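Student: This is the structure I want to talk about, given as structure tokens.
Values in this text are rule-based calculations from the coordinates and carry no lab data. Because the structure is a prediction, the values reported are computed rather than measured. Ideal geometry is used to build each Cβ from the backbone, glycine not excepted, and the neighbour counts take in all protein chains shown.
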Amino acid sequence: MRLVLATTNSGKIDEIKRLYKEFEVVAFTELLDIGEIVENGKTFAQNAMIKANAVYSALEDKRAIVLSDDSGISVDVLDGAPGIYSARYARVGADDQENLQKLIDELKIANATSSLAHYTAAISIVSHNCSYTMHGWMHGRVIDEVMGDRGFGYDPIFIPNGYNKTLGELDDEVKQSISHRSKALKIAKSVLSTIKNH
Ligand code: ITT
């Protein structure tokens, strides 16, 4: 089965490809040039659906199945920030490095060297006759120091529950076994198997 990913984030694409080896996975940017998709939803689920619908509507092949991911990190001492604004925390168009630094700066302003935090992933699937969204979460804490360089985004400051190292230091396989994205993608896989059988 061919899946068109409605994402431009290479970290997400790598993780999805690793978990979805049985699918032919292609990023929409290899097929289309539709410019920026405006993510003006109020929740992860709304933004995931906005991205999946935008890509599905632009595809010529209406037999295509589109899968999107909207995700982010929510930090307790920051009242849940950056949440859905994780990709643009430092500024619109910021890179991972700038967003990570902004989060460390905000922890310092809040006088916290660490805080409980969690990642959320909303995965949407859109095909010609159905649309679904499912969620996954990973809980842990963030620290005010960068440790390791694995993963992407906020991984070098996130320590998952049950571990004493950041995702920047832990093997990719560890993240794959516990991540918000993996959990949502696992549910998405069973949804995809029903679509296949239509
Ligand atoms: P697309 O919209 O094209 O998918 P994006 O990076 O803009 O790419 P989001 O709007 O969903 O995607 O923002 C997700 C941000 O949340 C991402 O840029 C990271 O900063 C952070 N994030 C999400 N999942 C993460 C993960 O597994 N590890 C580290 N950071 C993550």
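Student: Give, in whole angstrom and from largest to smallest, the semi-axes √(5λ) of the equivalent ellipsoid of region 47-93, with λ running over the eigenvalues of the Cα gyration tensor. Working shown, then result.
Tutor: Numbers: eigenvalues 182, 24, 7 Å².
Semi-axis lengths for region 47-93 are 30, 11, 6 Å.
Student: Going through region 1-78, which trypsin sites (Lys or Arg not before Pro) have at most 14 other Cβ atoms within 10 Å and a DSSP loop state? Walk me through the numbers on the way to the answer.
Tutor: On the way: sites: Arg2, Lys12, Lys17, Arg18, Lys21, Lys42, Lys51, Lys62, Arg63; in loops: Lys21, Lys42, Lys62, Arg63.
Counting only loop positions with at most 14 other Cβ atoms within 10 Å, the trypsin sites (Lys or Arg not before Pro) in region 1-78 are Lys21, Lys42, Lys62, Arg63.
Student: Quick one: P(r) of the chain from all Cα-Cα pairs, 5 Å bins, percents rounded to integers, in order of increasing distance.
Tutor: Final binned percentages: 1, 8, 16, 20, 20, 15, 10, 6, 3, 1, 0.
Student: Rule-of-thumb check for region 1-71: C-alpha Rg over 2.2 N^0.38 Å? Walk me through the numbers on the way to the answer.
Tutor: On the way: Rg = 11.6 Å, N = 71, 2.2 N^0.38 = 11.1 Å.
Normalised by 2.2 N^0.38 Å, the Cα Rg of region 1-71 equals 1.04.
Student: Could you run the Karplus curve 6.51 cos²θ - 1.76 cosθ + 1.60 with θ = phi - 60° over region 115-123 and give me ³J(HN,Hα) per residue in whole Hz, x for Gly and Pro?
Tutor: 7, 4, 7, 8, 9, 10, 10, 10, 10
Student: Ok, one more. Work from the charge dipole of region 51-165 (Cβ charges, +1 for Lys and Arg, -1 for Asp and Glu, about the Cα centre) and give the residue of Val75, Ser86, Val126 farthest towards its positive end.
Tutor: Value: Val126.
Student: Determine the calculated [θ] at 222 nm for the chain from helices alone, applying -39500 (n - 2.57) to every DSSP H run no shorter than 4 residues and normalising by the residue count; nearest 500 deg cm²/dmol. Walk me through the intermediate numbers first.
Tutor: Numbers: 5 runs with 63 residues, N = 198.
Mean residue ellipticity, 222 nm, calculated: -10000 deg cm²/dmol.
Student: At 7 Å along Cα-to-Cβ for each site, give me the label-to-label distance between Glu173 and Leu31 in nm.
Tutor: 3.3 nm
Student: Moving to a separate point now. Checking the table Lys51/Lys189; Lys17/Lys108; Lys108/Lys165 against a 26 Å threshold on Cα-Cα, which pairs fail?
Tutor: Numbers: Lys51/Lys189 19 Å; Lys17/Lys108 36 Å; Lys108/Lys165 20 Å.
Over 26 Å apart, Cα to Cα: Lys17/Lys108.
Student: May I pose another question? Counting other C-beta atoms within 10 Å, and keeping those with at most 14, which DSSP coil GluC sites (Glu not before Pro) do you find in region 78-148? Could the numbers behind the result be given before it?
Tutor: Values: sites: Glu98, Glu106, Glu145; in loops: Glu145.
Counting only loop positions with at most 14 other Cβ atoms within 10 Å, the GluC sites (Glu not before Pro) in region 78-148 are Glu145.
Student: Using modelled amide H (1.01 Å from N, peptide plane; none on Pro or chain starts), what sits under 5 Å from the amide H of Ser114, excluding residues fewer than 5 places away?
Tutor: Amide H neighbours of Ser114: none.
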